[in-house]
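To start, the structure itself, in structure tokens.
The values are calculated or read from the model by the stated rules, or taken from the named source; none is laboratory data. Since this is a predicted model, take the numbers as computed values, not measurements. In this analysis, Cβ positions are derived from the backbone assuming ideal geometry, glycine residues included, and neighbour counts consider all displayed protein chains.
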Amino acid sequence: MLTVFKLGRREDAGQTLTTAPSGDLQKTTSCRPQTKIERIRDVLVELLPSQEVTNKLCSFSDCWLLVHSLAKRSVHLMEPTAANPSHSFNVTSCTKEHPAILSQILIYIAICLQQLPHNFDVSQLHFSTTVEARVDKIISTVAGLVTSDDEIVSTINGLECLVLQGLFHTNAGNLRRAWLTFRRAMNIGQLMGLHKHQDSDDLNSPQGCRQLWDTTLQAERFIGLLLGMPAGTANIVLGPHETFNNPNIDRDLLFSRKLVNVAGGIMERNQNEYIYAFARTQDLDEQLETIGREMPASWWAVPAYLDTSDKSAAAAAQYDRIMAQIWYFQLQSFLHLPFMIRAATERRFEYSRFTCLKSSRETIYRYLAMRRSGTKSFCCKVIDFAAFTGCVTLLLTLLESPQPGGSVAEFEKQKATDRELVETVIVSMEEYAAYGKDLMAKQSVDVMKALLAVNSSTSAVGNIRLTIPYFGTISIARTTTHTSTANPNQPSSSTTIIHSTALSSNYPNPSCPTQSQNLTTDVQLEQPWSNFNDPEANSSNTYAPVISFKSSQFPPVGLEQQQIQDWGDLDADTMFFDSLLNTDLEGNWIF
């Protein structure tokens, strides 16, 4: 305990050892006070598992897919060789490394534990505590001693450590923690001047860490889009040689860099007044289309199966390509979602509706391809977020009626295809949720099943209000209308959807028991709609802004038994899609 409290002690630069007799030299040297770096290193080394356990973790986990492109400068620590095909570490050598590099290794191990197969025998690890407790200890120690220390983290290795920490939080479902971590990494990178030096390829200088800077920006903007935050820095400045016409350019890297800038444009649009949003949307859409056309048709091919078993460079490249494609289609969805639902009443938004549906389908195709990969335990919240958003988008359109003058048969055929696609995702997420590793997968399944049930309902009239924590409120009205067919007295069912995005960062903390009654799923039949348009009618209390964080890196025990009705009692940072649908909006949406 005393060692921990001494970690913040600074050594005097001019401090010298007291002169001692030659016979006492060895004793005096051994009593030399440890430096701060040495004390931190000793604490971190205690968290390293044995070489045998490390080899097992790296062999049975697929976390290398998530981090292989992040730790470029520390690749010598985990370079696969004939004697080390599992991307493991030499634990003895690691004990001599700087705390920043040691922290990278520890977070890598934590992510390995996060990615273990559901049927893995944890007794092989010989931990004295649970896996969850071990991971929590690693993350909290690294955060307390390394990534919170400005001196240690203000290095390239320290910056990589922050990015890995943000990746861990993303896959744990802690989006707000992840955003804060990536934003801190971005700010430190700016202080180091990484945003100014983007032309050099010298990996021995900060100027050569362009890919690390780009990765940090991409991660910060992806999470920021989900949370409705503004971009933390200006767009990437592309050099005159950075064009797709340059035969020596890395097209995949340039593709990702251009998408980072488009993401910044979407975030800027979302922060501005709604009256100008549609014109800006058209401009950003043109940029996305231009970027997409630069990549050959073969590049967009969706593999039937993603083989990751050999942990080869080819498998990593294919994974990176699929992730870049998902990022592209997600940006299309983020761009057009605010106008998709309004297409039912304003024809000028029909293109936004078409693009949203197309990008949602393309995202789901790639999600399913990754879920068909060599391991069922692979956990990547980025693609889970993407698949869930795409499914909700498709499910909302399943509630629509055919457009006047359109082909009813073709409309119903497309609805059946989309429904089948969503059901396939549900089966995949149910299989993963059955392993007990992912609360978000279970929550997503519950939401999608609820929306599918609404679509399948035979009730001709009635109102349904589905409130999803961190997503928003979907209110569905089924009213009786009269058609102009041969039998004008024949009533037909018409669906009206009001999507209210009341849930945001200023919504009451979901962990507070007094607020749980406001976060339930309820079906209300024959109720007037005025209450849904009047915030005062739904709540008699005013809440101050509250930010909710998980106190642990893992969901509390017993959450697998909870249904949608219980979400109000969760202190979980798992789904936060409020910002996706609240752009260019004066009030609720009706169609």
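In segment 169-199, the qualifying residues are those that are over 17 Å from residue 235 (Cβ atoms) and of a type in the set (D, E, K, R), and the one that is surrounded by the fewest Cβ atoms within 10 Å (Cβ to Cβ) is 176. Could we say that residue 343 is in contact (Cβ under 8 Å) with a residue 24 or more places away in the chain and over 15 Å from residue 302 (Cβ atoms) here? So residue 343 passes the test.
When the residues of segment 200-209 are filtered to those that are assigned to a helix (DSSP H, G or I) and crowded, with 19+ Cβ neighbours inside 10 Å, the one that is modelled with the highest pLDDT is 206.
Per-residue answers, yes or no, for (1) touching a residue at least 40 places away in the same chain (Cβ under 8 Å); (2) more than 18 Å from residue 212 (Cβ to Cβ); (3) hydrophobic (A, V, I, L, M, F, W, C):
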{"residue": "227", "(1), (2), (3)": "yes, yes, yes"}
{"residue": "243", "(1), (2), (3)": "no, yes, no"}
{"residue": "251", "(1), (2), (3)": "yes, yes, no"}
{"residue": "262", "(1), (2), (3)": "yes, yes, yes"}
{"residue": "271", "(1), (2), (3)": "yes, yes, no"}
{"residue": "274", "(1), (2), (3)": "yes, yes, no"}
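Summed over segment 284-343, residues that are hydrophobic (A, V, I, L, M, F, W, C), modelled with pLDDT under 85 and assigned to a loop (DSSP other than H, G, I, E, B) total 2. Name every residue in segment 222-252 that is part of a helix (DSSP H, G or I), at pLDDT below 90 and either surrounded by fewer than 19 Cβ atoms within 10 Å (Cβ to Cβ) or charged (D, E, K, R) (or both), in order of residue number. Residue satisfying the conditions is 227 alone. For segment 438-466, a residue qualifies if it is buried (at least 18 other Cβ atoms within 10 Å of the Cβ), touching a Ser or Thr at 6+ places or on another chain (Cβ under 8 Å) and at pLDDT below 75, and the qualifying residues are 439, 440, 463, 464, 465, 466.
Residue count for segment 135-151 satisfying the condition of being over 23 Å from the mean Cα position of the chain (by Cα) and among the charged types (D, E, K, R): 3.
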